[in-house]
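Presented below is the structure to which this report refers.
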Amino acid sequence: MSGILMLATLVLGVLLFDTRRRLTALEGWARAVRESVTPPVVEAVAAPVQPVPAAPPREFVAREPEAPRASSLPREPVAAKPAPPRTPLSQRLAHVGFEDLFGRKLPIWAGGLTLIVAAVLLVKYSIDSGLLSPGVRVVLGLLFGGAMVALAEVARRREDAVRDPRVAQALAGAGVGALYASVLAAANLYALVGAGTAFVGLAVVTALALALAVRFGAPCAVLGLVGGLAAPALVQSETPSVPLLAGYLALVIGAITMLSRRQRWIWLGLSALVGGAGWSLFTIVMGGLDSGATVSMGLLVLLLALGLPAFTLDGRAAPLLRAGAAVVGALQLAVLVANGHFAPLTWGLYGLLSLAYVWLADRTPILQRTVAVPLLTALGLAAGWPQPDLGLFTAVIAGITLIYGSYALHHLWRGAGRFDEVGLLCAIALGGYLASLLQFYEGTHAQETPFALLGLLFALVPASGLALGWNKATRHDDARFALLASCAGVLVAAAGAIALPGWSMAIAIGGVASGLLALAILARDPRVTLASLSFLAASVLALVVTADGELDRLIEVASAAHPGRAVLRWGALALVAAAFAWRTNEGRLRFVVQPLAVLLGYGLVAQIVPAPWLAVASAAGLLVLAEAWLRKPELRLGPALATAASLLVLWALEPLARWSGAALASLIAEPVLVTELPAPGMTMRQLLVPSLAALLVVWRQRARLPAFATRGSAALAGAIGLVSAHVLYKQVFAIADMTAFVDHGLAERCLWEWALLGAGFGVWRVLNLRRAALALVAAALVHATLYTLVLHDPLWAEQAVGYWPLVNGLLPAFGVVLAGLALAERIAPEAMTRLRRPAEGLRMVTILLFAFATLRQLFAGSILVHGSIGEAESILWSVLAIALAVGFLVRGIRQGSRDWRIVSLGLMLVAVAKVFLFDASGLEGLLRIASFLALGFSLIGVGWLYSRYLKPMAKG
C-alpha cells in the first residue's frame with residue numbers, strides 16, 4: 001500500500017507541475033494578446049476586421065486534421081455596420097483566464113486524480129472489510145484500470161460531445177495509475193506473483209503508458225517515465241540482477257527518448273536520460289559488480305552518454321545537451337574504473353567510450369570542445385592507479401595516446417586555427433609522462449636512461465604535430481606551432497634532467513633553448529623565439545640553483561667546488577645567450593637578451609679571473625663591445641654597453657663609499673687621512689681603469705649616442721676618474737695623522753688645486769672641451785674656497801705656511817683662487833658675466849685674507865695661530881687695512897665697480913674705528929701724533945679721490 005501511495009503522490013506532483021507550467025504559458029499568451037490588440041478598422045464594403053489574438057499555448061494532444069481556413073473560403077461583400085461595444089481587454093483576459101483555469105482545466109485533472117484515489121480507497125476498503133480475496137482485488141484493479149483506458153478512448157472518439165481533450169487524458173492517466181497500483185499490490189502487498197513477474201508487469205504497463213501517450217498526450221508519457229524508472233526500486237527482489245536492470249533501463253529509456261523525438265518533447269527525453277544516469281551512477285557507486293554486471297553497466301553508460309543523445313535529442317539545444325551527456329558518461333565510467341579496481345575490463349569499457357566519444361566529436365562541433373574531459377579523466381585515473389601492473393599500465397597509456405592523439409592530429413591543421421587539439425596533444429604527452437613518473441620512477445641510477453628515453457618518446461607526440469604543420473601556411477597565423485614546440489622542449493629538457501647529472505641541468509635546458517631558437521630560424525616563426533626565451537630563463541634559473549660556490553666568485557674571492565664544471569656551465573649558457581642576442585638585435589627583446597648575455601659572460605670570466613681584477617676585465621669587455629659596435633653597427637649593442645657600464649659602476653661603489661665617508665667628514669673640518677681612503681690597488685682597478693675605459697668608449701661612441709647620454713656618461717666617468725686621481729694623489733703626502741696634516745696639509749691642498757687648474761687649462765687648450773675644463777676649474781675653486789679660505793684658513797686653523805716672508809705657501813694657496821677666477825673668465829666669459837658679483841666678492845675676500853695672513857706670518861712664523869698680536873703688529877693691521885681700502889677704491893674707480901668702492905669704505909671705517917678705539921689708546925707721544933697724522937692724511941686722500949673721480953662720473 002505504501003508503494004501505491006508513493007506512486008500516486010509522484011503522479012500528483014507531476015500533474016501539478018504540468019498545471020503550473022500551463023498556467024505560466026497562459027499568462028504569456030495573455031500578455032502577447034494585450035500587446036497585439038489594435039483599434040478596429042471599418043471598410044466601405046467589408047465587415048469590420050476584428051483583431052486576431054495570438055494563438056493560445058499548444059497543448060500536448062494528438063494531432064488532428066486541420067479544418068479549412070476561413071480565409072480560403074469565398075468572401076461576399078457585406079455592408080458596413082457600426083462596431084458593437086467592446087468589453088475592456090483587461091476584464092476579458094481576467095475573465096477568460098480564471099474560468100479557463102478553474103472551470104475547465106483544473107476540475108478535469110482533479111477528477112482524474114480523484115478517480116485514482118477512489119480506486120485506492122476502494123481497494124483499501126475491501127481489504128479492511130474482508131469482502132474480497134487478494135486475487136479478486138488485484139483483478140478488479142486491473143479491470144478498473146482497463147475500463148479507465150477504454151473510457152478514455154471513448155471520450156477521445158466522442159470529442160464532439162466531450163469538447164475537451166483533457167477528459168480523455170485524465171481518464172487514461174487514471175487507468176495507467178490503477179494498473180501500476182494493481183501490479184505493485186499483487187507483488188509487494190499480497191505476494192501473489194514473484195519479483196520477475198511483477199517486473200514484467202510494470203514494464204508492460206510502462207509500454208502501455210508510452211503507447212497511450214501517442215494518442216492522449218504528455219500526461220501518460222509522464223506516468224510512463226515515472227513508473228518505468230521507479231519500477232526497479234518498487235519491486236523487491238532478494239537476488240537483483242544488474243544485467244537485467246541494465247537491459248530494462250536501456251529498453252525503457254530508449255523507448256521514452258524515441259517517443260520524445262517523435263512528439264518533439266525534448267524535456268521527456270532529457271528527463272529519461274537524467275533518470276538513467278542516476279540509476280547507473282547509483283549502481284556503480286554501490287560496487288560489488290562482477291564481470292557481467294560491469295559490462296552491462298558500462299554498455300548502459302555508453303548508451304545513455306553517447307548513443308541515445310545522438311539519435312534522440314533534437315533542436316537548437318541538442319548539441320549542448322549531447323556534450324553534457326557525454327561528459328557525465330565519461331565521469332561515470334571513470335568511477336566504474338576506480339570501483340572496479342582498475343581491471344582490464346573496466347579500462348576496455350573506457351576505451352570503448354573514448355572511441356565513441358572522438359567519433360561523435362568528428363560530427364558534433366560542440367562536442368569537440370569537451371574531448372579534453374575524458375582524456376584528462378583517463379590521465380587522472382592512470383596517475384592515481386594504486387600499484388598498477390606495468391604491462392596493463394603501458395597498454396592503457398598507449399591506448400589513450402593512440403585514440404586521443406590520432407583525433408587531435410587529424411583535426412590539428414584543418415580549418416580555422418583552434419587550440420583545443422594543441423591542448424590535447426600537450427596533455428597526452430605531459431600527462432602521460434608525468435603519470436609514468438609518478439607510478440614507476442624511484443630515482444635509481446638504473447631507471448635514468450629508460451625514463452629519459454620515455455620522455456623523448458612522449459616528445460614525439462607534439463613533434464608529430466610540428467611535422468604535420470611544417471608545410472601549412474596557416475601555422476604562421478597563431479601560436480599553435482610555438483606551443484607544440486614548447487611542449488616538446490619541456491619533455492626533452494625533462495629527459496635531459498633525468499639522464500644527466502644535476503650540475504648539467506642548466507646546460508641541458510640551455511641546449512633545448514638553442515634548439516628551439518634554431519627551429520624558430522628555420523620555421524621563420526617569431527613565436528617560437530619567444531617560447532625559446534622561456535627555456536633560456538629556465539636554464540639561468542637552473543644555473544643559479546645548482547651553483548656550488550660559483551656565485552660567490554662574482555663579487556669576492558672564493559673557490560668553486562668544481563672549477564672545470566663552473567667554466568663549462570657558464571660558458572655554455574653565455575654562448576646560448578650570445579646566440580639569442582645576435583638573433584634578437586633588431587627588436588625590443590635585445591633590451592633583455594643582451595644584458596643577460598653580458599651578465600653570463602661576466603659570470604664566465606669570474607670563474608677564471610680573480611675577483612679583484614673583475615672590474616678591469618669588465619672594462620676590457622666594455623671596450624671590446626664598443627669596438628664591435630663601431631665595426632658592426634647592425635649589431636645594435638647599446639643594451640650590452642649599458643650593462644657592462646653598470647657592472648663598472650657596481651664595482652666602483654665600494655671605493656666610492658669609502659671616499660665619500662671621508663669627504664663628508666671633511667665638511668666639518670675633519671682632515672682626510674690616507675688611512676680612511678681605499679687602497680691604491682683597489683682605486684686603480686675599480687676606479688681609475690674603469691673610468692678611463694668608460695671615457696674612451698664615450699668618446700668613440702659620441703656620434704652614435706644621444707647627447708644627454710654622452711654628457712651624462714662622460715660626467716659620471718669623469719667624476720669617478722677625478723675621485724681615483726684624488727685618492728692616488730693623497731698617497732704622495734700620505735698624511736695619516738694630525739701632526740702630518742698641520743705640517744703638510746696646506747701644501748697638499750695647494751698642489752692639488754693647482755693641478756686641477758692645470759688640468760682644466762689643458763683640457764680647454766688642447767682638447768677644446770669647455771664644459772670639462774670649466775668642471776675642473778670649478779672643482780679647484782670650490783676646494784680652495786671651502787678648505788683653504790673657510791675650514792682650514794691659516795689665520796684661524798693650525799696650518800704650517802713656511803718660515804720665509806713672502807716666499808711661503810700663502811701666495812700659491814690664495815693665488816689659486818685668483819688664478820681660477822681669471823681662467824674661468826677666459827674659458828667662459830659669458831657665464832662669468834652673469835656671475836660677476838660673486839666672483840668679485842670672492843676676489844676681495846681672498847685678497848684680504850692673503851694680505852692679513854702675510855702680515856701675520858712676518859710676526860708669527862710658519863703657524864699663524866701661534867703667539868699673540870703685539871702693539872706694532874696691531875698698528876700695522878690698521879695701516880694695512882687703510883692701504884687695502886685705498887687700493888680697493890682705486891680699483892673700483894678704474895673699473896667703475898661700485899662693489900669695490902663700497903668694500904673700500906667699509907674697510908676704511910673699520911680701520912678708523914680700530915685706530916680710535918684700540919690703537920690710539922695704547923700709544924703716547926710722537927707715535928700717537930704720527931698715527932693720527934697718517935689717519936688724517938689717508939681720510940683726506942680718500943675724500944679727494946671720491947671728489948676727483950666720482951663727481952665728474954656722476955655728472956656725466
_Per DSSP, loop trypsin sites (Lys or Arg not before Pro) in segment 322-408 with at most 16 further Cβ within 10 Å_ = Arg369
*How big, in percent, is the set of alpha carbon pairs in segment 363-452 lying more than 17 Å apart?*
52 percent
*How far is it, in nm, from the label point at Thr546 to the one at Glu873 when both lie 7 Å from their Cα along the line to the Cβ?*
8.0 nm
*Could you give the length gained on full extension between Ala778 and Val214, defined as 0.36 nm per residue of separation minus the Cα-Cα distance, in nm?*
192.2 nm
*Amide H to amide H, which residues 5 or more places from Ile863 or on other chains are under 5 Å from it, using H placed in the peptide plane?*
Val801
*Sorted peptide list for 669-677, 645-653, criterion being average Cβ within 10 angstrom, highest first*: 645-653, 669-677
_Heavy-atom accessible area order for Leu355, Leu533, Leu424, largest first, 1.4 Å probe_ = Leu355, Leu533, Leu424
*Between Arg826 and Glu627, how many nm apart are label points set 7 Å from Cα along the C-beta direction?*
3.8 nm
*Using only the C-alpha atoms of segment 609-736, find the volume of their convex hull and express it per residue in Å³.*
102 Å³
*Extension gain Asp899-Ala620, at 0.36 nm per residue separation less the Cα-Cα distance, in nm?*
95.0 nm
*Evaluate the Debye formula for segment 500-601 with equal point scatterers sitting on the alpha carbons, no solvent, and hand back log10 of I(q)/I(0) at q = 0.11, 0.18 Å⁻¹, in q order, two decimals.*
-0.33, -0.80
*In a shell of Cβ-Cβ distance under 14 Å around Val576, excluding Val576 itself, what net charge do Lys and Arg (+1) and Asp and Glu (-1) give?*
+2
_So if I take the alpha carbon set of segment 434-559, get Rg, then get Rh from the Kirkwood formula, what is the Rg over Rh ratio?_
1.06
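Quote the FRET efficiency, to the nearest 0.05, computed for Val910 versus Ala558 with a Förster distance R0 of 41 Å and r equal to the Cβ-Cβ distance.
About 0.05, to the nearest 0.05.
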*Two-site label geometry, Leu352 and Tyr441: point separation in nm, points 7 Å out along Cα→Cβ*: 3.5 nm
*Taking the alpha carbon gyration tensor of segment 783-843, what are the square roots of 5 times its eigenvalues, largest first, to the nearest whole Å?*
26, 13, 8
*Could you work out how far the C-alpha centroid of segment 598-639 sits from that of segment 381-445, in angstrom?*
46 Å
*Using the heavy atoms of the protein chains alone and a 1.4 angstrom probe, what is the accessible area of segment 783-878 per residue in square angstrom?*
47 Å²
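Residue separation times 0.36 nm, minus the C-alpha to C-alpha distance between Arg414 and Ile366: what's the value?
Between Arg414 and Ile366, full extension yields an extra 15.7 nm.
The values are calculated or read from the model by the stated rules, or taken from the named source; none is laboratory data. Predicted model only: the values in this text are computed from it and were never measured. As a convention, Cβ positions derive from the backbone with ideal geometry for all residues, glycine included, and neighbour counts pool all protein chains shown. Please note that ligands, DNA and RNA were not included when accessible areas were found on the heavy atoms of the full protein model with its side chains. Shrake-Rupley method; radii C 1.70, N 1.55, O 1.52, S 1.80 Å.
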